[in-house]
Amino acid sequence: MHKKDMAKDWQFTQTDKTKWIETEASRIGVTPFDVEKAFSSEFDGKKDLFSPLEIPDVMKVTYKYTYGGQSAFFRALRDYGKLLGAKCEACDFTYCPPRKNCSRCYGETQWVELPGTGKIASYTTIYKGTSLITGKTPCICAYVSLDETDFVVLTNVEMDDPSKAKVGMRVKAVFKPERTGRVSDFYFTAMSEGA
Amino acid sequence: MRRVAIVGVGTTPFKPRFIDKTYFELAFDAAKDAFTDAEIKHTDVESTVYGIYNDLFERQVQPDLYVHDYLGMGGKPSMRVNTGGATGGSAIRAGFMEVASGQSDLTMVLGVEKCSDCFDYRMGQSSPEVLKSISYTADMTYEQPTGRTAAASFALAVIAHQKKYGNPTAEQMAKVSVKNHGNAALNPIAQSGKVLTLEDVMNSPMIAYPFRFYDNCLYSEGSSCVILASEEKAKKICKNPIWITGLGASLDYAILGNRENLYTFEASRQAAKRAYKMAGITKPRQELDLAELHDAFTGTEIMAYQDCFLCEEGEGGHLIDQNITERNGSFPVNTSGGLIGCGHAVGATGIMQTIEIYNQLQGRAGRRQLDDPRRGLVQSIGGIACAWTVCIVLAKGGYNA
């Protein structure tokens, strides 16, 4: 049988567009308007049996994630607005982001309070972001060399004019008033000249 | 260790989207093409290696299960390799080890990637959702919440490199984009057909400073495949095998506080050193004739010049200024168009790069063909600011030619 004749005598059941849009939007967690827009051509009457068929779908997993040996860092951050580092006495090396075990000597680290100041080691300004930060661009993403550590931390630097960011610029941590126990609880801003 | 040759290659074109093909159907096309080229049947293959990067792109955890099935490979030894952008290079390395160790005489190494099925409904486009899928590669606890994109991860290194060495400049980066798009325009499998000017690149929208739109590689879908054979097998089934004479890999620290500096890619330096040592190369600029370097971004191609020891430290910008890496220069880089022009179908990319060198060495590179190259380098990188690198040296003639 010729390909185009295959469905010629079959009974066509039209999908209920409105119901389909509502069901699918709810299933994948987006608005019916956006589903309708994305699938406008599916309902234009020009599709046949052999047209590629797309479906809305989502992969989602929820967690109750443990910070394990790094928990104190996040409790200090969320509950006290403090920044902690992890110091290996044997190596005289301080990590932040912290780690319970020293990756150099395999010993245990000790918690130390950090001043939350540092300087920009490198930076970039993101103009086109992921769908997780839509509406928050442009934003500065920087490696900051933290004072009293031997490490750099990847963080956001907030500045009125992103083009003023410079390697070597002194910055300090600012803790958000409402914190959730995530690194997004703090960001950095420029310190005044000479600070 | 047994010697290993490439005895056949196959690939799909690289495109923004194949709406009419799933990932396993793309894999089928590349595999069939490679079997035709190698003049073998799929039943001749003794083992398979699949390079597939992101399960979220494929909408399938462990997609290699369904590729292996679709290709009719049931029962054969198989493994899936995933090292981010370096997946293709790593897959070839894994296939090499299968053959070199004597586990197999004929191994199929196939890379495949979809990505544009990811779709951001609010923005009405794929890119932000593709970027989101990639962003889960960043450390979820400390780094992913900053919104850092793949481009930002490499931009941070390029800014540090600029600060240290004064290059790459915006113009040098734009020259790389013009070069690679120009090469892609001559490559029938390439995604970009655009011929660009420096102004086009330097006036394109900023994506992640200092990278503008045309400084970035293209998201692509596609599949590429190489057939690897032991020396004995290769001599039986192939008139002119291309030999893998050097192979080196490295995975650097992904948390950059653990690295010595932010301005070089130590993984690339170590992988290149290991590959050159195995291939007996001491002066790569003289002893190699061309390279496919992982130009995920223009600035990283320029950094790769020094990290693969094709120039002195910090002098990458001069190579492009002096037109050395142009197709008609003394050391052509990315005649395929690279990731910027040919495209970046992640799991397939390192294999696509390898196929370009293979085709150049075989004299099969069409309008891009160089004058009798004998030895070439592939650099395949991936992960946060080049965490992974695999370097591969390919040679024609006898193994030690």
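Since every read-out is calculated from the coordinates, none of them should be taken as a lab result. It should be emphasised that the depicted structure is a prediction, and the values quoted were computed from it without experimental measurement. Methodologically, a virtual Cβ is constructed for each residue, glycine included, from the backbone with ideal geometry; neighbour enumeration extends over all protein chains shown.
Using the basic label-point model (7 angstrom from Cα toward the beta carbon), what is the A:Tyr65 to B:Lys283 distance in nanometres?
Distance between label points: 5.2 nm.
Choose one of B:Pro168, B:Cys308, B:Leu256: the residue whose Cα lies farthest towards the positive end of the charge dipole of chain B (beta-carbon charges +1 Lys, Arg; -1 Asp, Glu; about the Cα centre).
Result: B:Cys308.
Rounded, prolate or oblate: which fits chain A when a ≥ b ≥ c are the square roots of the eigenvalues of the alpha-carbon gyration tensor, with rounded for a/c under 1.5 and prolate only if a/b beats b/c? Don't skip to the end; give the middle numbers.
Details: a/c = 3.26, a/b = 2.45, b/c = 1.33.
It is prolate, given that a/c is not under 1.5 and a/b is the larger ratio.
What order do you get for B:Phe14, A:Phe73, A:Phe33, A:Phe12 when you list them from fewest to most C-beta neighbours inside 10 Å?
On the way: B:Phe14 31, A:Phe73 25, A:Phe33 12, A:Phe12 6.
Exposure proxy ranking, most exposed first: A:Phe12, A:Phe33, A:Phe73, B:Phe14.
How far apart, in nanometres, would the label points at A:Trp111 and B:Asn328 be if each is projected 7 angstrom from Cα along the Cα-to-Cβ direction?
6.7 nm
How many angstrom lie between the Cα centre of region A:48-123 and the Cα centre of region B:44-63?
Taking the Cα centre of each part, region A:48-123 and region B:44-63 sit 30 Å apart.
Which angle from 0 to 90°, rounded to the nearest 10, does the C-alpha axis of helix A:17-28 make with the longest principal axis of chain A?
Value to nearest ten degrees: 20.
Other chains near B:136-147: what is the mean number of their Cβ atoms within 10 Å of each residue's Cβ?
Working: counts 2, 0, 1, 3, 2, 8, 10, 6, 5, 9, 14, 11.
Per residue, the number of nearby Cβ atoms from other chains is 6 on average.
In a shell of Cβ-Cβ distance under 11 Å around A:Ser145, excluding A:Ser145 itself, what net charge do Lys and Arg (+1) and Asp and Glu (-1) give?
So the surrounding residues net to -1.
Under 20 °C and 1.002 mPa s, how fast does region A:15-60 diffuse according to Stokes-Einstein, given a Kirkwood radius computed over C-alpha pairs? Answer in µm²/s, whole number.
Details: Rh = 11.3 Å.
Approximately 190 µm²/s, per Stokes-Einstein.
Divide the volume of the convex hull of the Cα atoms of the protein assembly as shown by its number of residues and quote the answer in cubic angstrom per residue.
Details: hull volume 108.1 nm³, N = 596.
So the per-residue Cα hull volume is 181 Å³.
Using the Kyte-Doolittle scale, find the helices of chain B whose mean hydropathy is at least -0.5 and whose Cα atoms extend 24 Å or more along the helix's long axis, counting only whole DSSP H runs. Don't skip to the answer; put the middle values down first.
Working: long enough: B:346-362 (25 Å, 0.25).
Qualifying helices, which must be both long enough and hydrophobic enough, are B:346-362.
Could you sort the peptides B:228-237, B:106-115, B:214-223 by per-residue average Cβ neighbour count (10 Å cutoff), highest mean leading? Walk me through the numbers on the way to the answer.
Working: B:228-237: 19.6, B:106-115: 29.2, B:214-223: 27.5.
Output ranking for B:228-237, B:106-115, B:214-223: B:106-115, B:214-223, B:228-237.
Long-range amide H contacts for A:Val171: which residues qualify at under 5 Å (H placed 1.01 Å from N, peptide plane, sequence gap of 5 or more or a different chain)?
Amide H neighbours of A:Val171, under 5 Å, 5+ apart: A:Gly118, A:Lys119, A:Ile120, A:Met191.
Among bridges DSSP assigns within the protein assembly as shown, what percent are antiparallel (round to 5)?
On the way: 69 of 85 bridges.
Close to 80 percent.
Simple spin-label model, 7 Å along Cα-to-Cβ: A:Glu89 to B:Thr169 in nm?
5.4 nm
Using the Kirkwood formula over every pair of different C-alpha atoms, what hydrodynamic radius in Å results for region B:25-125? Don't jump to the answer; show the numbers that get you there.
On the way: mean 1/r = 0.0700 Å⁻¹.
Kirkwood hydrodynamic radius for region B:25-125: 14.3 Å.
Which Cα, out of A:Ala72, A:Cys102, A:Tyr187, lies furthest along the positive dipole direction of region A:68-190 (beta carbon charges, K/R +1, D/E -1)?
A:Tyr187
Quick one: 3J(HN,Hα) in Hz for region B:6-22, Karplus 6.51/-1.76/1.60 with θ = phi - 60°, rounded, Gly and Pro as x.
Computed from phi, the couplings for region B:6-22 are 8, 10, x, 9, x, 7, 8, x, 9, 9, x, 7, 10, 5, 9, 9, 8 Hz.
Any chance you could check the Cα centroid distance between region B:174-225 and region B:369-384 for me, in angstrom?
Result: 18 Å between the Cα centres.
If the label point is 7 Å along Cα→Cβ of A:Met191, which residues in region A:100-133 have backbone nitrogen under 11 Å from it?
A:115-120
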